[in-house]
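Bear in mind these aren't lab numbers, they're just calculated from the coordinates by the rules spelled out. Predicted, not measured: the structure shown is a model, and the values here were computed from it. A quick note on method: Cβ atoms are made from the backbone with ideal geometry, for glycine too, and the neighbour counts reach across all protein chains shown.
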Amino acid sequence: MTTIPEVATTPEVMEREFSLMTAVTRLDFLSRRDNVVVDAPNDSADDDDDWASFKAGTHNTQLDAEEALELLALGEVVARKAHDNRQLGIVAALRGGADWARIGRALAVSPRAAWEKHVSWLDAQAAARRSGAPDALTPDEVAAARSRAGRRPA
């Protein structure tokens, strides 16, 4: 008898396999299924067998252990990818001419806190690249981003 190897449901594996949008979509699906949340406007087609069984309450909506672990790992993947996208958004905002006051407002933090988080992220990108992470910003990209970030706001 052969045993089926356990699927590695880790954020590191999923992070490589899922885009942010795909991870969010799957996270949303599993979360809604576990919580039995069905939107009537979006799910009103009763001819859809899968959703009809959810609406009728005849489908077991409780996640099994593997799905629950997937939900947990996907939450971590989404948080990581969202964090990276936030920092790339800051880079784009600076490149577009936004100042730290506006960036801070967009993040609901002070300009100084936004700058400090961004510079800390740039430090982490530089360290990751030195450690061999191919997806981290290059030294030239880090230098350009630091230049755009300017001095710490008062």
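Values for this structure:
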item	result
Potential extension, A127-A68 segment - 0.36 nm per residue separation minus Cα distance	17.9 nm
Burial order of peptide ranges 71-78, 143-150 (average beta-carbon count within 10 Å, highest first)	71-78, 143-150
Using θ = phi - 60° and Karplus 6.51 cos²θ - 1.76 cosθ + 1.60, couplings along the stretch 77-90 (whole Hz; Gly, Pro as x)	4, 4, 4, 5, 5, 5, 4, 5, 5, 4, 5, 5, x, 5
Theoretical gain in end-to-end length, L20 to R32 [0.36 nm per residue, Cα-Cα removed]	2.5 nm
Burial order of peptide ranges 86-94, 11-19 (average beta-carbon count within 10 Å, highest first)	86-94, 11-19
Label zone at R102 (point 7 Å along Cα-to-Cβ), backbone N below 18 Å, the stretch 123-154	148-151, 153-154
